[in-house]
Ligand code: DX5
Ligand code: ZN
């Protein structure tokens, strides 16, 4: 069954509690927190304090933290202590991804690796055994509301062809039209921002996406 993780990057920042209540009541599985440092991507977003507040207010809602930052190693403990369930770092950051992924697991969080559109699976093949989740970016990271990059679909197949057996997540431009395309290539977790937070019927949208995942067999 497809897991759905609304991205709070698309939520009204003045109403994060209200919007998280709305998504939780609509039946989301996780909450996706896009952390941006204005270096790795040209945008700035949430901090460990935001994660801490979300975890305290919603202790039963898994927090899927996506670090779009140049030096994630300096913040892994802060996000783990704040209550992150999963921490995903980018394959393109400077430094040693092996150490990052081992550290995330040692902190008791789900280790994830994210690939920008320009990063092929072949470049991270040796890292895949260390990952419980791989996040395929279907837009250039940095902003919500962008158009889905369908040429990323083969990347999901390439992950399985490389022997990766963990969760495959996609992020960027996902909506009721693009999620079925990803499901046909083995998607496990859908990060959905604009489509869900701008919807007045998020439950129906999530139910429709899950129904599409049941129909894929
Ligand atoms: C890009 C962000 C977005 C966001 C979801 O760095 O990671 O992909 O989560 O955006 P939309 O609004 O496209 O669902
Ligand atoms: Zn993300």
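So, in the stretch 173-193, how many residues would count as being over 15 Å from residue 64 (Cα atoms), within 16 Å of ligand 2 (Cβ to nearest atom) and in a loop (DSSP other than H, G, I, E, B)? Residues meeting the conditions: 5.
When residue 158 is tested against (1) modelled with pLDDT of 95 or more; (2) within 14 Å of ligand 2 (Cβ to nearest atom); (3) touching a helix residue (DSSP H, G or I) at 6+ places or on another chain (Cβ under 6 Å), only condition (2) is not met. Name the residues in the stretch 103-124 that are part of a loop (DSSP other than H, G, I, E, B) and touching a strand residue (DSSP E or B) at 6+ places or on another chain (Cβ under 9 Å), would you? Once the filter is applied, which keeps residues that are part of a loop (DSSP other than H, G, I, E, B) and touching a strand residue (DSSP E or B) at 6+ places or on another chain (Cβ under 9 Å), the stretch 103-124 yields 107, 109, 116, 117, 119, 124.
Every test in (1) assigned to a helix (DSSP H, G or I); (2) within 14 Å of ligand 1 (Cβ to nearest atom); (3) touching a helix residue (DSSP H, G or I) at 6+ places or on another chain (Cβ under 8 Å) is passed by residue 127 save one, and that test is (2). Against the condition in contact (Cβ under 8 Å) with a residue 60 or more places away in the chain, within 16 Å of ligand 2 (Cβ to nearest atom) and assigned to a helix (DSSP H, G or I), how does residue 196 come out, does it pass? Here the answer is yes, as residue 196 does meet what is asked. Please verify whether the stretch 100-112 includes one or more residues that are surrounded by 15 or more Cβ atoms within 10 Å (Cβ to Cβ) and within 15 Å of ligand 1 (Cβ to nearest atom). Yes, because at least one residue in the stretch 100-112 is surrounded by 15 or more Cβ atoms within 10 Å (Cβ to Cβ) and within 15 Å of ligand 1 (Cβ to nearest atom). All of 186, 173 fail the test of being within 19 Å of residue 135 (Cα to Cα), surrounded by fewer than 16 Cβ atoms within 10 Å (Cβ to Cβ) and free of Cβ contacts under 8 Å to residues at least 40 places away in the same chain, apart from 186.
The values are calculated or read from the model by the stated rules, or taken from the named source; none is laboratory data. In this text, all values refer to a predicted model and were calculated from it rather than measured experimentally. Glycine gets a Cβ as well: all are built from the backbone with ideal geometry, and neighbour counts include every protein chain shown.
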